Amino acid sequence: MPFFQVHSFGVMDEKVNGLLARLPEVENKVHKPDIILIMSGINNVVEHDYTFVNQLRRIVIRLTNRFPETEIIVNGLPLARIPVVVENAIHHLNLNIKEMTGQTGSCYLGNFDIMAEKGESIFQQDGINLTPEAYDRWARSILEYVSFLFEDD
């Protein structure tokens, strides 16, 4: 995203509770962000933990209180092909995340749902990690969404 100053605080294989625990560290590294994009939860699903939405809520509320002028966007989970995951679990979790964003005044970005509806192949052979092309489409969809948010202001 060449037109923005982007800070990535993602940690590989981290679950939502790990992000929640690291929030003070992240908050101290940024000053008045315009947008915060949260993309977390798929590693919980991989470990059959479907109870993390309330932790996401705590993250959103904390960030909203810390940065009241910031747009908080929560990215939906990719519809990964994870063996032994309860059927439709990711779909239902995305519905819960979307509901949570409505309750907290944050924004839900369901760009993975849109990619899946188009029948696009977005995963590498493992069924979890995105292909480089999918990462590019994901980044473009974020830019489009962010442009839409700023256009409305």
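The values are calculated or read from the model by the stated rules, or taken from the named source; none is laboratory data. Only a predicted model underlies this, so the values are computations on that prediction, with no experimental measurement involved. Neighbour counts are summed over all protein chains in view; Cβ atoms, including those assigned to glycine, are modelled from backbone coordinates with ideal geometry. Keep in mind that these areas ignore ligands, DNA and RNA; they rest on the heavy atoms of the full protein, side chains included. Shrake-Rupley method; radii C 1.70, N 1.55, O 1.52, S 1.80 Å.
Extension gain for the segment Phe148 to Asn65, taken as residue separation times 0.36 nm less the Cα-Cα distance, is 27.5 nm to one decimal. Charging the Cβ of each Asp and Glu at -1 and of each Lys and Arg at +1, and nothing else, the dipole of the chain about its Cα centre rounds to 420 debye.
The antiparallel fraction among DSSP beta bridges confined to the chain stands at about 10%. Highest-first packing order for the peptide set 25-33, 92-100 is 92-100, 25-33, based on the mean count of other beta carbon atoms within 10 Å.
The share of accessible area on the chain that comes from carbon and sulfur is 52 percent, using a 1.4 angstrom probe. Within the listed set Tyr50, Tyr135, Tyr108, the Gaussian network model of the chain (springs between alpha-carbon atoms below 10 Å) gives the highest mean-square fluctuation for Tyr135.
Using every pair of separate Cα atoms, the Kirkwood estimate puts the hydrodynamic radius of segment 1-55 at 12.6 angstrom. Per-peptide packing, taken as the mean over residues of other Cβ atoms within 10 Å, places 121-134, 36-49 in the sequence 36-49, 121-134 from highest down. In this structure the chain gives 61 Å² per residue of accessible area when probed at 1.4 Å with all protein chains present. By the combined test of axial Cα extent (at least 24 Å) and Kyte-Doolittle hydropathy (mean at least -1.0), the qualifying DSSP H helices of the chain come to 132-152. Rg of the Cα atoms in the chain, relative to 2.2 N^0.38 Å, amounts to 1.02.
Note on Thr131 and Val11: the model spin-label points, each 7 Å out from Cα along the C-beta direction, lie 3.2 nm apart.
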